[in-house]
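Structure, as structure tokens:
The values are calculated or read from the model by the stated rules, or taken from the named source; none is laboratory data. Remember, it's a predicted structure, so these values are computed and weren't measured experimentally. A quick note on method: Cβ atoms are made from the backbone with ideal geometry, for glycine too, and the neighbour counts reach across all protein chains shown. Just the protein is used for accessible areas: all its heavy atoms, side chains included, with ligands, DNA and RNA removed. Shrake-Rupley method; radii C 1.70, N 1.55, O 1.52, S 1.80 Å.
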Amino acid sequence: MPGGPRDLSADQLGAILTEIGEEMSEREDRGRVASYIPELAGVDPARFGMALALPDGQVLSTGDAAVGFSIQSVSKVFALAIALGRLGDQLWDRVGREPSGNPFNSILQLEHENGIPRNPFINAGAIVVTDAILTGHPPKALLGEILDFIRDAAGDENIHINEAVARSETETGHLNMALAHFIAAHGNLRNPVEMVLGAYFHQCAIEMSCVQLARAGRFLIAAPGAPRIVSLARVRRINALMLTCGHYDASGDFAYRVGLPGKSGVGGGILAVAPGRAAIAVWSPGLNARGNSALGSEAMEMLAKRTGWSVFG
Ligand code: DON
């Protein structure tokens, strides 16, 4: 069904999701589950879920869409929304807005660019964002604020941090420690490294299902009926960053294949936004070589094709 956005009924959208779920359940090559956070290594690679939330809150779903998973880097979207609300454009003195073309955990550019990370979605940038919103708050209060933001956005109180995942990453997160110390050495952290990383690891360890994540993403749809918890001007900018930087060194590929703003996480989740139409969440824990959900990326591509929802027409 190539060409042009289609106005699809909820039934038609539900049927598209069911088809995608069925096709995905037959796949044998499902990517590799992230193992550098040991607590994530045991997640069943056979899982697949997808949910689509319409502006009015109606949710359509398929597969394991009600099963909780570790949202990991998808949390960076919510942290960024809070940071822009708190600091406004001053945030951009400390973190850039350009794609990095490098893996999510790369340290390379930080040296050349004096500890100013390329964008808020690579790990280095997200650590700076977390530091920026931590200032003036004990870590527990900040984590409460992030959870409240997400619970409000989703209209669901039942969203929590998985402490075992946070602990697991704290024990093995040497690369993030290196990034944070490097940034601190350049004077771009305001709080102690251990405190910033503690908050960052806990933020990444938030657990949500596809249904909850799609509902929480509705504020990015910017359509009548969708929650307006962030100004439209800011929503436009968050979407621009998701499109250009949300999949790290695969951001261009995701834009080419899917054509929607999206943010991935190493837990295998992706949140994508079809502006004016829907928020879509997918989860399949096996990752591709770029650290993004293998089947999740494909499922988003199928959905964009079958709905004609690419922002590029
Ligand atoms: O900092 C990390 O390495 C993880 N907590 C999050 C990384 C991540 O999700 C990258 N996404 N694809």
**Asked** Hey, which aspartates and glutamates would be in cross-link range of LYS305, C-alpha to C-alpha under 16 Å, not counting anything within fewer than 8 residues on its own chain?
**Response** ASP7, GLU19, GLU23, ASP253
**Probe 1.4 Å, protein heavy atoms only - accessible area per residue of the chain in square angstrom** = 39 Å²
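Of all accessible surface on the chain at a 1.4 Å probe, what whole percent is carbon and sulfur?
Details: 6310 of 12360 Å².
On the chain, the fraction of accessible area on carbon and sulfur atoms equals 51 percent.
Can you list the chymotrypsin sites (Phe, Trp or Tyr not before Pro) in the stretch 260-313 that are in a DSSP coil and have 15 or fewer other beta carbons within 10 angstrom? Intermediate values should be presented prior to the final figure.
Numbers: sites: TRP283, TRP309, PHE312; in loops: TRP309, PHE312.
Sites meeting the loop and neighbour criteria: PHE312.
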**Fill in**
Answer in debye to the nearest 20: the dipole magnitude of the chain about its Cα centre, from +1 Lys/Arg and -1 Asp/Glu charges placed on Cβ, is 820 debye
**Message:** Which GluC sites (Glu not before Pro) in the stretch 87-182 sit in a loop by DSSP (not H, G, I, E or B) and have at most 10 other Cβ atoms within 10 Å of their own Cβ?
**Reply:** GLU157
**Prompt:** What's the local net charge at ILE107, with K and R +1, D and E -1, over the other residues with C-beta under 13 Å away?
**Reply:** -1
